[in-house]
Structure formats: C-alpha cells, structure tokens
Amino acid sequence: MFDREPLICLMIKATMLFLLFFLVMSKATLANDFQIGKRFYEKGLLADGTPVNVVLQGDIEADGYLINCASCHRSSGYGDGEGGNYVPPITGPVLFNDYAPERQYIFRNLYQDVQTPTTRAQVHGLKQRAAYTEQLLNRVITSGINSDGEQLSPQMPRFMLDKATLKGLTVYLKSLGAQNQDSLPKIGVEPDILHFATIFTPDVNLAEKAAIMAVFNAYFKRKNLNTIAAQKKPNYSSGYKSDFVYAQRQWQLHEWQLTGSAEQWTKQLAAFYQAQPVFSILGGKGQRWQAIHEFCEQRSLPCLFPNTPLPVTAKTGEYTLYFSKGLQGEANSLATYLESLADVSPVLQIYRANSVGEVAAEFLDKRLSKKQSPKVISSHLIVTEQQMLDAAFWKPVLVQKKTLVLWLNRDDFATLPSLNGNNLKQASIFVSASLIDLKNKPLSHQRYNKALSFIWPWALPNHEPKRLYRARAWMRSRGVPITHELEQLNTFFVLNVVDYAMHDLLDRFSRKYSIEIIERITENGLNPGLYRTMSLGPKQRFAVRKNSILNASLLMLKESNR
Amino acid sequence: MVRWKIFGYRGLGAVYAIKNDLAKQRLFSVFFCGLLFILGVEQSLAVEPNKPRYQIREIQNTLDEAFTQKVSLIEANGGAVQFSDLVAGHKQQPVIMQFIFTSCANVCPVMSTILRAVQKDLVGKAQLISISIDPEFDDADELQDYAKKFDAQSHWRFFTGELNDIIRLQKQVDIYQQNKMRHQAVTFFLLNQRLFRLDGLPSKEDTLAELDKMLEETQLSVLSPG
C-alpha cells in the first residue's frame, strides 16, 4: 500500500479530510450556537435548557419563563418605544459598532409618542457609545455596565449567563437586523424600488379582482407621485420631513394570480417569488388561505390582511396577519349566543359538500361539543354539489322544529322561500352574513323577517366609526368605483397600515420589525370604518375579535332609514 | 443625509487615526484620553443625582366616582363581579391594582413580576388586582394562563370584562390611552378611602416601603411590623 500511494499524498488526503471535517463541524457548531442564542433570546432558556435567573429592578427575582430579551427588545431586536419604557435596539449592526443616536430613528419616541418623565429622560439622554464585544456584552447582561463603563438603568434586568449561552447569544444578535446591500434585493428591496405583491386564488371573480386592484392602483399612483415630489426637493420641506426622504422608494405591486387546485399553489408562489422577490404580500382574496399562509411562514414573508373566510387558526403564524378568525370566529360567536339562550331547539346546519360552509359547520360542532354536557345538539343537512335548491327542498326543512343554521352562499340563500306568512315552526334561522355577501349587497326588503338573524362581523348598522366616510370619500375622489365596498375598504386599510409601517421602518428593512410596527399601530384609528374596533398586540394575529348576532328587524330599520 | 450626533467623539477619533507618526500618536492619545477624562468628569458632575424610578401622588377627586361606579367585571376563574364591590374591602385592607394585558411585551411582564414578588409579603395583608385592558383578547382562559405563569396566589385576582366598561374605568382613573400599546406602568393603591397612584417601576423593597408609608399616613395599621 505504501509503495502505491506515496506518504505525502496520504498526508495531504488526511489533512484535507480533517479540514473538511473541521469545516463541517464548525458550520454545525455555528448553526448550533445560533439555535442556542435564538432560544435564549426568545424563550429565556440557557444552553442546557434550564430557564435563566433574572433580577429585575435591582431586587426582584424572576426567571426566563417570565422575562426574556424578546419581551423588551422584541423578536426583531429593534426594541420598543411605546408606553412608559424606551428600550434601545440591540441588533447586530447597532450593538457591535460604535453607536450614535440618529434623530430619524428615534423621531417617534422624541416627538410623537405619549411621553412620561421617564421616557423623556431616557430618549433625550441617549448618548454615543463604543462598540460591544462578546466580553462587553457579557458584562452589560450580567451587571448592567455598558460598553463605555456606564451603569444602565435597572429597567434593563440582570441575567446570569454561562459561556455556551453567551456564545450563542452573540451569534444570534449578530444575525438580527443584518440586512446588507447585497441581500436586500432578495427580500424585494432595490435601491429605488420597493416590491409588493397581492394574491388572488382561482375562485375570485374578475369583478371582485378589478374592484380591489382599482384601490391598489389609485393608492400606489398617488404614493409614488408624492415620493417623487419629496425627493425633488429633499431639503425644502419644512422641518423634519427631509430626514425621512432618503429611505423612500417607488412602490411596485405585482399581481399573483393562482390557478388550479390548492396543491399546485406552493409551486406557483415559489415561481412568482423567484421571478420577483417582494417585501410583503398585501391583502388579496381567496376562499382558502392555508397554502399561502404556509408559504409566507416558511419564507418569513409578511402576509397582511387577506380577504378570506378561512384563515389559519390552528397554529398562529408569525408573519400572517388576518382581519378576523373568519368563519371559525362566526361559529364561536353563534355557539356562545345559542348557549346563552334559555331554551333552544336542536340545531340543523345546512351547507354544500366541499364548500367553505362545510368547514364552518365543523367549527360549530367542535365548539358546541367543548362543553361537557352540550346544551345545544347539532345535526347536518348536506347539499351535494350538483343538487338544486328549490321550494321542494325547503318545505320539509322549514316545518321541522329546529334552529336552522345556514352556511350557504348568496345564490343558494336566494332560494329560501319568503318567510312572511309562512307557517314557520322553528323560532329562528341563523345565516352567515359574510357568506351571503350581505355587506356589499343588501337583501331586498321583503326578505327580512324577524325569524332571520345574521352572524354579523362588522360594526352595527348606523354605528360605524366615522372613518368610514373618509375612506369612502377617498375612493370617490380618486375615481375608484365602489362596487365591492367590503373588500375595497379592507384593501384601503392594508395600504394605510403598510404606509405607516414603512414610514417608521425607514431603511431598517427587517420584516420582523415591520410586523411589530403593524402590531403596534393597528389600533391607531386606522379602522376603515367597517369594524367596531380593530387592534393587535405582540403575537396577536386577528385584528377583529367580535361578531354580533343581528336580528333582521334591525336591518329592516336601517333599510327604511335610507 | 444629515446625521445628528449629540457629541462629536467620532470626529476626534478620525483626527486621531490620521496621525500615523508613533510619537505623535502617543502624545495625541494621552491628550485625547485626558480630554475624555475631563469631559467625563464634567459630565458626571453635570448628571443629576440618581433620579427615582417612580413617582407617587394622591388622587383627590376620582375616588368616589371611580369606585362607586357600576362596572361589571368578569373574574378569570369565576363569575361577574361589580367593581365597586371588589374594591369596597379597601377600608379594611389595602388594594393594589394594576391594568395589564397578557400579550403586552415590555411593561406588563415587569409590572406583574413586581406583584409576584410582593405577594408573598402581603398574604392576609392586602388584595392584589390585575385588570386586562385588552378584554376581547384576554378571555378567562388567557388570564388564567397568565395568572399561573406569574404564580399568582389566591389574594391576587385577575379580571376581564366588556371593552366599553373597561375603557370607562380607565378613564375614571385617568390612564386611558387610545391604543393599548401605549400603555404605561401605573400601580394604584387604595386604602382607607384614599387613592394613590404610582407611576413607574419600583423595586420590591420600594414597593413595600411605599405601602408602609401610605398605611402610616392613612392610619390603617394592618401592615404593622411582625
């Protein structure tokens, strides 16, 4: 063997192998360090899996389950300035470089937020400081002494760290906020252009799509004109505005029309994304959103407020925000209402096979059977996909002594015979107002009957927030025909939210941070007037929480008021 | 783009870097350090003495209005409670009250951790109350999880309710913000017909000491040493 292969070759081979091994191992430990750091940052667990000991405010003991870095500095690492506590950013570039406060990044904290004496002192007291190293990071975390040797306020807790965790944390912090010029285009950010997309699934008809696109187009057009105007005279605009201009870009929208069945969508989405990466997905519409939700979560791609009756509720995502829990929320509200009644006859749920109504019926069953001795019994009447609904279908249904729950679309609902003068046996029929598109298309007067109640996700008629009138006026003044008001106002809301968020984001293109900003501003009066209230918070993913059960007689009132 | 800096240290650093003559560098370095030292001393002299991290004041007028109001709350592990009944006990025993929400990131966990720390010293001596300002998200289940997370004992109770009721309550005690995300760290102390408001985040020792002071002042003697 030795004669055939010179020793030197063997040695070279061995070295190469060793080097390769070393490389792989170091890559692996780096990945491992990253995971340790991430878990510590977000969950407060040390490298050995036990919760870290924390001391708060000088003398209060707690542990990593209660308090961790992400609670205050947030998942993005960009910190938090809201409320009575300013928390500085600790993203890699900020932490491991010399730091000097720059006005545009703390502008909101300086001038716009509600300030307490404490926050005011904190923000105005921000100072330049030297870069951190791993050792200095250790010192600030364990003893609160910063990179310049100054003592931080006790609002920054003290943590007992071990070496392995510190190493992991350093790796992880370096990864936060570390977007550079080369990687930005991969998340849809080019030097002059910011790319967005909107998504339509194949069930959306052309008229709906056109109505939504009209709002997008009008908004983008105006937005881009304003940006051009501001950039033409960067130092002209009064006061602070010029501080922000450098970060502004032209907005470009890409329309991602999906085709075929849901199993094919992931591939299509990947192809769209590869052709043109985008910073986030705005609105859009589709009956089923699961595949899109999963795509967005996998790619850490914000997916903001689609119009869908079936948001993913089982495991809430990080990057997908919804208006509401859709039909699941409706089913829950109905169940709560039915259970609150003194006396309720058994429920008969009517829906078409393989429709979204079928999913809604399952939600209602699931919610009703959560109680140990269910007060409300439910059975199903399933209409096949081909079956025609007509008087012959409804007649036997309407004479049963049952509480009817209709998870039907508009066309099917239209076949329900007039209830006036009918010898109805059941006290009540409940209908999903969203499924029959009641917001866009009121029923003709004679359809309303006291026996009929709607599950109603919107603000009560005549109690809409004032912003409704402004949102409508905006559309009219931009020449947008209001044909599908619900989806159009929802789209207007998404655009407002994103506009505010991008303004706050400036050139800190962290998608996590953009989501945190949206969590914070959704309650700031951006409600387009459709909902009674809208709000989000950290990790909250559904902005509208309540549905009303609205008797048709109330809508009748509204109709006659018109 | 105009960069706004509070001090120009970085500018001096740049000058320093250009001097590549070693002797000059050393000299400059000594000079620079000296300068920094002087600046540092000057600065530390200029710094105000350690500011307290919280302020306390007595709220004069709202007490009756706020605490006789008919506001229904729902307890995390129980039924409906009238707010006025809930705090009526403060004539015998102090009530410490905070407004929080379970998904709150930065302020509430610290506020609740403070109550978690003092609750052991206050068994049988005070009632602790946390009320959600995000009641449509914080249902009884969410609040129970939150209470468990903070090891709440039986004298620390958690409440949710109707959004409008809770907004009304917040307005009464003057802490309502249009957006719950602007929520601030406030703790209320109710004792013997008086209402105190603490703004900020005190330590455990401070909290107990302040409570003692208030008790002395209001001549409620439940917390007397021992």
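The values are calculated or read from the model by the stated rules, or taken from the named source; none is laboratory data. These numbers come from a predicted model, not from an experiment. Because the Cβ atoms are built from the backbone with ideal geometry, glycine has one as well, and the counts that use them run over all protein chains shown.
Screening the candidates A:291, A:275, A:271 for the property of being surrounded by 16 or more Cβ atoms within 10 Å (Cβ to Cβ), modelled with pLDDT of 95 or more and outside the structural domain of residue A:431 (by TED's automatic domain parsing) yields one hit, A:291. Of the candidates A:198, A:170, the single residue that is polar (S, T, N, Q) and assigned to a strand (DSSP E or B) is A:198.
The one condition from (1) modelled with pLDDT of 95 or more; (2) farther than 17 Å from residue A:48 by Cβ; (3) small (Gly, Ala, Ser) that residue A:130 does not meet is (1). Among the residues making up the range A:191-203, those that are surrounded by fewer than 19 Cβ atoms within 10 Å (Cβ to Cβ) and at pLDDT 95 or above are A:193, A:202, A:203. Checked against (1) farther than 21 Å from residue B:204 by Cβ; (2) without any contact (Cβ under 8 Å) to a residue 60 or more places away in the chain; (3) surrounded by fewer than 21 Cβ atoms within 10 Å (Cβ to Cβ), residue B:140 meets all criteria but (2). Output the residues belonging to the range B:85-119 that are surrounded by fewer than 20 Cβ atoms within 10 Å (Cβ to Cβ) and either at positive phi or in contact with a Phe, Trp or Tyr (Cβ under 6 Å, 6 or more places away or on another chain) (or both). Of everything in the range B:85-119, just one residue is surrounded by fewer than 20 Cβ atoms within 10 Å (Cβ to Cβ) and either at positive phi or in contact with a Phe, Trp or Tyr (Cβ under 6 Å, 6 or more places away or on another chain) (or both), namely B:119. Within the range A:40-86, the set of residues being touching a residue at least 24 places away in the same chain (Cβ under 8 Å), over 24 Å from residue A:319 (Cβ atoms) and either among the hydroxyl-bearing types (Ser, Thr, Tyr) or not assigned by TED's automatic domain parsing to the domain that holds residue A:140 (or both) comprises A:86 only. All of B:58, B:136, B:75 fail the test of being within 25 Å of residue B:200 (Cβ to Cβ), in the same structural domain as residue B:182 (by TED's automatic domain parsing), charged (D, E, K, R) and in contact with a Lys or Arg (Cβ under 8 Å, 6 or more places away or on another chain), apart from B:58.
Of the residues A:401, A:395, the single one that is assigned to a loop (DSSP other than H, G, I, E, B) and basic (Lys, Arg) is A:401.
The set of residues in the range A:87-118 being modelled with pLDDT of 65 or more and either more than 20 Å from residue A:514 (Cβ to Cβ) or in the same structural domain as residue A:245 (by TED's automatic domain parsing) (or both) consists of A:95, A:96, A:97, A:98, A:99, A:100, A:101, A:103.
Here residue A:94 does not fit the description of being assigned to a strand (DSSP E or B) and either touching a helix residue (DSSP H, G or I) at 6+ places or on another chain (Cβ under 7 Å) or of a type in the set (Val, Ile, Thr) (or both).
Counting only helices (runs of 4 or more DSSP H) that fall entirely inside the range A:459-526 and contain at least 3 residues that are of a type in the set (A, V, I, L, M), surrounded by 15 or more Cβ atoms within 10 Å (Cβ to Cβ) and more than 13 Å from every other protein chain (Cβ to nearest Cβ), the qualifying elements are A:467-477, A:485-505.
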